[in-house]
Amino acid sequence: MDELAELHRFNAWANRSLLAGIRRLSAGQLEERQEGMYDSVHGVLWHLANVEVVYLQMIRGRAPERLSRDLSVDQVDAALEEADAGLVEEARSRSPEQRVHIPWFERDFAVAQCLRQVLTHSANHRADINGWLPRFGIESTDQDYIDLALVDG
């Protein structure tokens, strides 16, 4: 699962990159919805973080506990930092065939499937937010894997 660990390392970097753009928004802009936005930037960021946190909990055999919807951007950032580090570690150390029970689907999935779900889900919602940033006068953030490779050297 080294490839999944590397992709989760990228996911963590992409989340940090997006947060750098989000931090340039005013408090009002964080909560504002414009045409074509199904939630606020803050709402979608919270949802992205919540899914990462909850899947990590379930991969580790714990019951899923949702994040509070009232978290600040700093608190969401801290939750993401912790979850992202944990997901990289789980991708490195867990057997890909180990099963994880997902209660809302009432079935078990392989750890590798859960790790892929987090990656695709987070990429989808980062794209939502990144596409909305220019509406608020903020430039979209770098989200390509190659951008991380350039930073790493």
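Tabulated data for the structure shown
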read-out: Estimated FRET transfer efficiency when R0 is 35 angstrom, pair E139-R66 (beta carbons, to 0.05); value: 0.65
read-out: Mean-position separation - Cα centroids, segment 88-102 and segment 46-70, in angstrom; value: 15 Å
read-out: Hull volume in cubic angstrom per residue (convex hull over the Cα atoms of the chain); value: 108 Å³
read-out: Sequence ranges 113-125, 69-81, 7-19, ranked by mean other-Cβ count within 10 angstrom, highest first; value: 7-19, 113-125, 69-81
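Computed from the coordinates by the stated procedures, all read-outs in this text should not be read as laboratory data. Computed from a predicted structure; not experimentally measured. Methodologically, a virtual Cβ is constructed for each residue, glycine included, from the backbone with ideal geometry; neighbour enumeration extends over all protein chains shown.
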